[in-house]
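Working notes for the structure below.
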Amino acid sequence: ERIPLLDLAAEAPFRLGGVNVDPAVLHFAWEGGEATVQPRAMQVLVRLARAEGAVVTRDALIESCWGARAVSDDSINRVIHLLRQVARQSGGEGFAIHTVAKVGYRLSTPAKAAEGGGEPLLAVLPFDNLTGDPQLDYFSDGLSEEILFTVAKTAALRVVGRSSSFSLRGPGKSAASAREMLGATHVLDGS
C-alpha cells in the first residue's frame, strides 16, 4: 500500500516542545524567534512528528515526501540538516532529529527525551589527519568509519549515521556542537 504524499495545506498547526509549527505556511515560532523552511523540509518534519518518536525509514520519507521518486542521499541529508538548523536556532527547546544508523531518523522533543531514560547515542566524528598530507585523509576517515560500523553492530549502543557525523568535519568541529546538532550523548573524536 502506497503512503500518500503529504499535503502541507491540509496539516493543522502543532507544537514540538517550545516550538509552534505551522506546516501550511512553512513557519516555526518560539519565544524570541521564528524561521521558515522549504516545503520538502516541512514535509519531512511532519512525517517524523506523525511517527511520535518511532524511527522513520529513509524509504518511508522518500515515499511520503518525494512521491517515491529517485532521491539521492544528499537530498535527504540536506533536508535533515536544515531541520537541525531550525532546532538549534530555537535553542534546542523544541525538537531534535536523531539518525539511526542504516535505518532512518527519529524525532524527539524535550519531554520525550526525558522519558527515554537517557539511552546512549554515540557520534563518531571524522578523525583529523595530522600528517599534513591531504592524500592520507582516506586513512583517518577509514579508521573513523571502521570504529563507527563496529560499534553500530552491537545492540547495546545506538550510533549516529556516518553522513550526519561526518558533516561536522574541519576546524570548527567540537564535541559540544556534535552533541547539540546530532543529539548525541557521547562523542568520539581523534586524530
Between a first residue in region 36-59 that is in contact (Cβ under 8 Å) with a residue 24 or more places away in the chain and a second residue that is of a type in the set (Gly, Ala, Ser) and in a helix (DSSP H, G or I), which pairs have beta carbons less than 6 Å apart while being 6 or more apart in sequence or on different chains? Arg47/Ser64
Here the residues within region 148-178 that are open to solvent by 60 Å² or more (accessible area, probe 1.4 Å), closer than 16 Å to Arg84 by Cα and modelled with pLDDT under 75 are Ser163
So, in region 101-127, exactly how many residues are part of a strand (DSSP E or B), modelled with pLDDT of 85 or more and open to solvent by less than 30 Å² (accessible area, probe 1.4 Å)? 5
Conditions first: (1) part of a helix (DSSP H, G or I); (2) closer than 11 Å to Leu125 by Cα; (3) not small (Gly, Ala, Ser). Lys173 passes all but one, so which condition is the exception? (1)
Evaluation of Leu82 against (1) modelled with pLDDT under 75; (2) surrounded by 13 or more Cβ atoms within 10 Å (Cβ to Cβ); (3) within 22 Å of Asn20 (Cβ to Cβ) (one fails), failing number: (1)
If we ask which residues in region 128-146 are open to solvent by 50 Å² or more (accessible area, probe 1.4 Å) and either more than 14 Å from Leu188 (Cβ to Cβ) or aliphatic (A, V, I, L, M) (or both), their number turns out to be 11
I need a count of the residues in region 1-53 that are among the aliphatic types (A, V, I, L, M) and in contact with a Ser or Thr (Cβ under 6 Å, 6 or more places away or on another chain). 5
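Yes or no, residue by residue, for (1) within 19 Å of the chain's Cα centre (by Cα); (2) farther than 18 Å from Gln89 by Cβ; (3) crowded, with 17+ Cβ neighbours inside 10 Å; (4) not hydroxyl-bearing (Ser, Thr, Tyr):
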residue	(1), (2), (3), (4)
Asp7	no, yes, no, yes
Pro13	no, yes, no, yes
Leu16	yes, no, yes, yes
Val25	no, no, no, yes
Gly32	no, no, no, yes
Val37	yes, no, yes, yes
Ala41	yes, no, yes, yes
Glu52	yes, yes, no, yes
Val55	yes, yes, no, yes
Test for Leu61: is it in a helix (DSSP H, G or I), out of contact with any Lys or Arg (no Cβ under 9 Å at 6 or more places or on another chain) and buried (at least 20 other Cβ atoms within 10 Å of the Cβ): no
Among residues belonging to region 64-79 that are of a type in the set (Gly, Ala, Ser) and assigned to a helix (DSSP H, G or I), point out the one that is surrounded by the fewest Cβ atoms within 10 Å (Cβ to Cβ). Ser75
Using the structure shown, decide if Ala49 is of a type in the set (Gly, Ala, Ser) and closer than 24 Å to Ala123 by Cβ. yes
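The values are calculated or read from the model by the stated rules, or taken from the named source; none is laboratory data. These figures come from a predicted structure and were not determined experimentally. In this analysis, Cβ positions are derived from the backbone assuming ideal geometry, glycine residues included, and neighbour counts consider all displayed protein chains. Surface accessibility is based on the protein's heavy atoms, side chains included, excluding ligands, DNA and RNA. Shrake-Rupley method; radii C 1.70, N 1.55, O 1.52, S 1.80 Å.
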